[in-house]
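Read-outs throughout are calculated quantities, based only on the coordinates presented, and are distinct from any laboratory measurement. The model shown is predicted, which means the values in this text are computed figures rather than measured ones. Note that each Cβ is placed from the backbone with ideal geometry, even for glycine, and that neighbours are counted across all protein chains shown.
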Amino acid sequence: MAPNGRLIFLLFYLIFAIDGAPIGHKEKRFPSAIIIGVKKAGTRALLEFLRLNQKIHAPGPEVHFFDKNYEKGLEWYRNQMPETTWNEVTIEKSPAYFVSKSAPERIRQMNPKMKLIVVVRDPVTRAISDYTQASLKKKRLGMMPSFERMAVGDCSGWLKTNCTAKTRGVNANWGAIRLGIYHRHMRHWLNHFPLDQIHFVDGERLIRDPASEVASTERFLGLEPMVHDADFAVDPIKGFPCVRRNDQTLHCLGKSKGRKHPNVDRKVLEKLERFYQPENEIFFRLINKHFSW
Ligand code: A3P
């Protein structure tokens with residue numbers, strides 16, 4: 001091609017993307033990545049921090065398409081998304097997908113190349129966080145029994161499951177405990193997606209060192225990391241990282257995140273740790289990655 005011809009071709013390419021739309025054209029696109037869980041492991045913090053990267057866009061509320069709103073159809077789903085250009089990343093987060101039996105297959109049907117992100121944290125802390133949220137919601141119906149009673153004691157009257165049929169001394173069928181047996185849920189996903197399409201975020205490290213967890217997620221999304229240590233400062237009251245704005249003020253997550261947890265009896269914590277230990281090992285082997293818990 002003559003030099004002039006090459007220049008014209010380049011100009012043409014810069015003005016129009018492959019599908020014929022101008023390169024800066026914004027439209028609602030399906031997500032190419034989904035934060036599928038785990039509830040109470042730091043999913044909101046991860047999404048908020050990822051959005052510091054100007055190429056990452058997400059709908060505000062959780063969409064719940066693949067679990068609750070599937071019958072509304074794909075166009076409804078696309079409509080929930082923000083407008084993006086072709087070289088930006090659309091992402092959504094609905095942590096309830098992690099435990100949904102139908103979500104893995106439905107997502108694969110829509111896009112077998114979908115990137116999946118799973119935030120995990122110590123299942124004992126996660127269970128206490130789950131309990132804290134549930135007990136605040138149930139306050140109107142009367143005080144919920146203590147975490148200890150729900151986890152290892154006589155929880156009849158509160159749980160539909162049989163509280164006398166314990167597993168290693170633990171009410172393993174209580175949702176807050178069951179959800180933390182990560183390998184059981186993960187297996188469904190691995191039946192539909194290869195492991196290298198799933199990125200695991202360490203929920204504890206997301207609190208201690210948010211920039212590094214966010215940067216590795218940006219790389220997984222195929223983006224140059226734009227989020228750095230200087231973007232964060234610790235909230236002096238709650239002790240969780242917040243976003244440091246340009247004017248140095250802090251933007252922290254809402255009051256439903258970073259709640260104060262009840263003090264849990266040491267013996268109960270140890271029982272739960274013993275309960276989860278073999279389950280965690282199965283999970284680590286399954287995903288070929290180890291965490292400190
Ligand atoms: P608690 O409120 O029980 O401490 P999710 O967004 O998945 O529901 O997770 C909520 C949890 O994220 C919070 O549970 C908190 O421990 C954790 N978290 C992680 N980073 C946080 C941050 N920067 N601000 C507030 N909470 C954060």
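Observations, loosely collected:
- Ordering of 34-43, 260-269, 60-69 by packing is 34-43, 60-69, 260-269, highest average first (other Cβ atoms within 10 Å, averaged per residue).
- Pairs with C-alpha atoms separated by more than 19 Å, drawn from the list 137/257; 28/55; 39/93; 115/255; 160/271, are 115/255; 160/271.
- Projecting label points 7 angstrom from Cα along Cα→Cβ for residue 167 and residue 68 puts them 2.6 nm apart.
- Rounded tilt (10° steps) of 3-15 against the dominant C-alpha axis of the chain: 40 degrees
- Acute angle (nearest 10 degrees) that the helix 266-287 long axis makes with the longest principal axis of the chain, alpha-carbon atoms: 40 degrees
- Chain lengthening between residue 134 and residue 146 when straightened (0.36 nm per residue, less Cα-Cα): 3.2 nm
- Paramagnetic label zone (point 7 Å from Cα along Cα-to-C-beta, residue 259; backbone N under 16 Å) in the stretch 150-193: 150-151, 175-177
- Spin-label model, residue 251 to residue 286: label points 7 Å out along the Cα-to-beta-carbon direction sit 3.6 nm apart.
- Once the Cα atoms are used to define both axes, helix 210-220 deviates from the longest principal axis of the chain by about 50 degrees.
- The stretch 26-80 shape via C-alpha gyration tensor axes, a/c threshold 1.5: oblate
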